[in-house]
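Undergrad: Questions regarding the structure given below will be posed in turn.
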Amino acid sequence: MTQMESTQFAAEQIRNAIIAGHFQPGDRLVEQQLTDMLNVSRHPVREALRLLAREGFVEIKRNKGASVRAVDADSVIEVYNIRMALGKIALDHLLAEPSRMTPADIKRLEKLAENAVKFASLDSQVETVRNDLEFQQAIIDATGLQRTIRYFSELTADVRRFNQQLGVVYTDRRGDAEKYVVKLLESLRDGDLRTAHEIWQAKFSKALERYLSLIDDSDSDGASRNSVGVKASRPSAR
């Protein structure tokens with residue numbers, strides 16, 4: 001592998017380990033240990049940690065090294081506002097000319113909407129979360145807008161990290177599947193941009209509120225959100 005490929009490989013492996021919870025907030029990320037674990041040289045690991053710091057997964061402090069960054073309110077608000085805006089761009093683009101959605105796009109969305117209802121009855125919420133993220137991405141992918149697709153996809157890693165670190169529990173999966181997935185698909189089929197926007201806005205606003213309800217903001221007036229703790233055991237409606 002080239003140096004750049006090694007860096008990307010190391011970043012992907014460390015990022016996935018953080019998302020999966022193998023590294024917890026505050027855990028130190030020691031370069032030599034990561035080098036041994038990933039079987040790459042030290043330089044790509046160092047560059048990977050810098051890349052992950054720019055993405056918000058890691059924080060690097062002088063004389064202390066790198067550690068896993070905890071989820072904070074500012075990050076959640078930023079990620080969800082961007083994803084919400086990208087979704088509206090996608091909806092505007094798709095419904096400006098309904099023919100932009102191909103039969104294959106519709107078929108993919110129909111299958112995901114069907115799965116959303118089916119998975120809501122399962123004991124585990126894992127498939128519901130995976131399917132919902134794929135449904136969102138399918139709408140974005142249908143636009144063919146490469147920057148929108150790339151930015152939205154990249155931020156999905158943050159959403160997975162939020163879910164893992166905050167211990168999110170979805171309590172009304174059936175209702176949400178019908179309200180935010182099936183109804184959104186219907187609005188796309190009908191070419192109803194206003195309703196599609198309203199559903200997308202409501203869906204992401206609810207998600208944002210859900211995450212923020214799990215974050216204990218130490219500054220009660222909301223002026224600063226730089227130091228927050230996580231209430232990992234507190235359930236929240238989806």
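Undergrad: Evaluate the following for residue 40: is it outside the structural domain of residue 190 (by TED's automatic domain parsing) and in contact with a helix residue (DSSP H, G or I) (Cβ under 6 Å, 6 or more places away or on another chain)?
TA: Criteria met by residue 40.
Undergrad: Let me ask something additional. For the structure I just gave you, tell me whether residue 107 is of a type in the set (Lys, Arg), over 22 Å from the mean Cα position of the chain (by Cα) and not in a loop (DSSP other than H, G, I, E, B).
TA: yes
Undergrad: Of the conditions (1) without any contact (Cβ under 8 Å) to a residue 12 or more places away in the chain; (2) surrounded by fewer than 17 Cβ atoms within 10 Å (Cβ to Cβ); (3) not small (Gly, Ala, Ser), residue 35 fails just one. Which one is it?
TA: Checking residue 35 against (1) without any contact (Cβ under 8 Å) to a residue 12 or more places away in the chain; (2) surrounded by fewer than 17 Cβ atoms within 10 Å (Cβ to Cβ); (3) not small (Gly, Ala, Ser), the one that fails is (2).
Undergrad: Within region 94-118, how many residues turn out to be free of Cβ contacts under 8 Å to residues at least 60 places away in the same chain and either among the charged types (D, E, K, R) or surrounded by 21 or more Cβ atoms within 10 Å (Cβ to Cβ) (or both)?
TA: Of the residues in region 94-118, 8 are free of Cβ contacts under 8 Å to residues at least 60 places away in the same chain and either among the charged types (D, E, K, R) or surrounded by 21 or more Cβ atoms within 10 Å (Cβ to Cβ) (or both).
Undergrad: Considering only residues that are crowded, with 21+ Cβ neighbours inside 10 Å and touching a Lys or Arg at 6+ places or on another chain (Cβ under 9 Å), look in region 178-191 and name the one that is nearest to residue 127 (Cα to Cα).
TA: Per the stated criteria, the residue is 181.
Undergrad: On to the next question. Taking region 47-71, which residues are assigned to a loop (DSSP other than H, G, I, E, B) and closer than 21 Å to residue 212 by Cβ?
TA: Result: 56, 57, 69, 70, 71.
Undergrad: Given the residues 173, 225, which is the only one that is at pLDDT below 95, under 15 Å from residue 71 (Cα atoms), in contact with a helix residue (DSSP H, G or I) (Cβ under 9 Å, 6 or more places away or on another chain) and charged (D, E, K, R)?
TA: 225
Undergrad: Looking at region 141-160, which of its residues are within 19 Å of residue 206 (Cβ to Cβ) and crowded, with 19+ Cβ neighbours inside 10 Å?
TA: Answer for region 141-160, where residues must be within 19 Å of residue 206 (Cβ to Cβ) and crowded, with 19+ Cβ neighbours inside 10 Å: 152, 158, 159.
Undergrad: Does residue 99 satisfy being in the same structural domain as residue 193 (by TED's automatic domain parsing), at pLDDT below 95 and assigned to a helix (DSSP H, G or I)?
TA: So residue 99 passes the test.
Undergrad: Any residue in region 76-93 that is touching a residue at least 24 places away in the same chain (Cβ under 8 Å), assigned by TED's automatic domain parsing to the domain that holds residue 184 and not in a helix (DSSP H, G or I)?
TA: Checking region 76-93: not a single residue is touching a residue at least 24 places away in the same chain (Cβ under 8 Å), assigned by TED's automatic domain parsing to the domain that holds residue 184 and not in a helix (DSSP H, G or I).
Undergrad: Output the number of the condition that residue 49 fails; it satisfies all remaining conditions of (1) under 29 Å from residue 135 (Cα atoms); (2) aliphatic (A, V, I, L, M); (3) over 17 Å from the mean Cα position of the chain (by Cα).
TA: Condition not satisfied by residue 49: (1).
Undergrad: Within region 6-29, does at least one residue satisfy the condition of being surrounded by fewer than 15 Cβ atoms within 10 Å (Cβ to Cβ), polar (S, T, N, Q), outside the structural domain of residue 79 (by TED's automatic domain parsing) and over 24 Å from residue 129 (Cα atoms)?
TA: no
Undergrad: Restricted to region 197-217, and to residues that are assigned to a helix (DSSP H, G or I) and acidic (Asp, Glu), which residue is modelled with the highest pLDDT?
TA: Only one residue tops the list, namely 198.
The values are calculated or read from the model by the stated rules, or taken from the named source; none is laboratory data. Quantities reported herein were computed from a predicted structural model and do not represent experimental measurements. In this analysis, Cβ positions are derived from the backbone assuming ideal geometry, glycine residues included, and neighbour counts consider all displayed protein chains.
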